[in-house]
């Protein structure tokens, strides 16, 4: 039986009067990687928001035998180019969840920040303004911010979309490292190869769970042959 790191029970959620997730139930393995896939508007990002606690439930419940706040890595285009902040300070924001935004970070916090930047190979970008970075560089900085939170549940929204091969390699290696540390990782993705690397997979459509289980049993040729799930260049269609 799968060790349930996160149990989602009959969850209904959305925005205002618009319901996105409809009585969705799923079980995610502890200390494993779960990929959430599906076509446009299927509810992937909303599910991550529910797990992060940023989207309120209108029904159901989420249970997880973990402590502390989840780490949530947003898509890089969710961060404004005009934000006057350096790459290092962006990663340091991950420590605010532990210290609070008005408390000064301690030397050990900065050591964690620098170590996370090294893992993602962005240490040399530390003094650069976030808005001056390329898409792949910015995505790696945001993943480093998530790691800096040292969460036991790490959530990522499209972590490899639009990044080059080098950035993708470092992001994938970081996810593998977190799994090895016992972190439960959940990522929404249209990257089919990344989804196939996961331990567990949820396939959503219209805010409902179509299938869950090992990726090779969920992402079948029949499922991927659906026009709404057409793979095209080993990538599922982008959600917007």
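Rule-based calculations on the coordinates, nothing more; no lab input. No experiment lies behind these values; they were computed from the predicted model shown. Backbone-built Cβ (ideal geometry, glycine too); neighbour counts: all protein chains shown.
Highest average first, the peptides 89-97, 118-126 ordered by how many other beta carbon atoms sit within 10 Å of their residues are 89-97, 118-126. Helices in the chain, meaning DSSP H runs of at least 4 residues, each add -39500 (n - 2.57). Divided by all residues, the mean residue ellipticity at 222 nm is -10000 deg cm²/dmol. Computing FRET efficiency as 1/(1 + (r/R0)^6) for residue 196 and residue 106, where r is the C-beta to C-beta distance and R0 is 45 Å, gives about 0.65. Using a Gaussian network model of the chain with C-alpha springs under 10 Å, which one of 220, 12, 189 is most mobile by mean-square fluctuation? Between 220, 12, 189, it is 220 that shows the largest mean-square fluctuation. Counted residue by residue at 0.36 nm each, then reduced by the alpha carbon distance between them, the extension gain from residue 211 to residue 10 reaches 70.9 nm.
Output the antiparallel fraction of DSSP beta bridges having both residues in the chain, as a percent to the nearest 5. Of the beta bridges lying entirely in the chain, close to 55 percent run antiparallel.
Put simply, when 111-117, 179-185 are sorted by average Cβ atoms within 10 angstrom per residue, most first, you get 111-117, 179-185. Three semi-axes describe the equivalent ellipsoid of the chain; taken as square roots of 5 times the Cα gyration tensor eigenvalues and ordered largest first, they are 29, 20, 17 Å. With contacts taken as Cα pairs under 8 Å and at least 6 residues apart, the chain reaches a relative contact order of 28 percent.
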